[in-house]
Amino acid sequence: MSDTLAQRITDEVEIVWVEGEEAVLARYDYVRQDLVKTTKKRGVLRITWDARIVGYANLSAEAEPPARLGSGRWERRVFYVTPRDRSESEAAGERVLFQESTPTEAVDPRTVKPRVVGTLTDRARGKYASTEDAPARTEAVEEDRSPEEKGMLF
């Protein structure tokens, strides 16, 4: 059985937003979340696909590499947007994709914290015309939320 994302991010100590946290929260309804294999525990990550990194996770200095990856390799979360995403298409005046939906790897950046898997919200899904319409940001801990609030629809 493969590890879940929550099991793979237990060594995170911080989320770094490249454009600054307030700018990311104001600009992006959603960002894409993925794990990247790397030889570094901290600092900017490199990705090989057509995307722009908006955030990444740093690991603790004591983080041990997972046995399945071998010595000197870790997995870290990266948060990014692609040219086809809602935030980028609007800026370019192109046809907007994901206007009232999201890609499968999308999460609301407001729900991202170290060691907490990001979740989808109505805001991320494009259900609100502006951030003023969206509910206020809460500091709720993931474990205290119901399955519906976590985005689990099964």
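The values are calculated or read from the model by the stated rules, or taken from the named source; none is laboratory data. The shown structure was predicted, so the numbers you read here are calculated from the model rather than taken from an experiment. Cβ atoms come from the backbone with ideal geometry, glycine included; neighbour counts cover every protein chain shown. The area values use the complete protein model at the heavy-atom level, side chains included, leaving out ligands, DNA and RNA. Shrake-Rupley method; radii C 1.70, N 1.55, O 1.52, S 1.80 Å.
Could you please tell me which pairs satisfy a Cβ distance under 9 Å, a separation of 6+ or placement on different chains, a first residue in the stretch 37-51 that is touching a residue at least 12 places away in the same chain (Cβ under 8 Å) and surrounded by 13 or more Cβ atoms within 10 Å (Cβ to Cβ), and a second residue that is in a loop (DSSP other than H, G, I, E, B) and of a type in the set (S, T, N, Q)?
Lys41/Ser60; Ala51/Thr82
Hey, any hits in the stretch 124-136 for a residue that's closer than 21 Å to Val24 by Cα, modelled with pLDDT under 55, open to solvent by less than 40 Å² (accessible area, probe 1.4 Å) and in contact with a Phe, Trp or Tyr (Cβ under 9 Å, 6 or more places away or on another chain)?
yes
In this structure, is Gly118 modelled with pLDDT of 90 or more, open to solvent by less than 30 Å² (accessible area, probe 1.4 Å) and within 15 Å of the chain's Cα centre (by Cα)?
Taking the combined requirement at face value, the residue satisfies it.
Please work out which residue is least open to solvent (accessible area, probe 1.4 Å), limiting yourself to the stretch 52-80 and to residues that are basic (Lys, Arg) and out of contact with any Lys or Arg (no Cβ under 9 Å at 6 or more places or on another chain).
Looking at the filtered set, the residue picked out is Arg52.
What is the number of the single condition among (1) polar (S, T, N, Q); (2) in a loop (DSSP other than H, G, I, E, B); (3) at pLDDT 65 or above that Ser87 does not meet?
(2) is the only condition that Ser87 fails.
Somewhere in the stretch 33-42, is a residue in contact with a Pro (Cβ under 8 Å, 6 or more places away or on another chain) and at negative phi?
There is no residue in the stretch 33-42 that is in contact with a Pro (Cβ under 8 Å, 6 or more places away or on another chain) and at negative phi.
With respect to Ile15, is the statement that it is among the aliphatic types (A, V, I, L, M), in contact with a Gly (Cβ under 9 Å, 6 or more places away or on another chain) and either surrounded by 16 or more Cβ atoms within 10 Å (Cβ to Cβ) or not in a loop (DSSP other than H, G, I, E, B) (or both) true?
It is true that Ile15 is among the aliphatic types (A, V, I, L, M), in contact with a Gly (Cβ under 9 Å, 6 or more places away or on another chain) and either surrounded by 16 or more Cβ atoms within 10 Å (Cβ to Cβ) or not in a loop (DSSP other than H, G, I, E, B) (or both).
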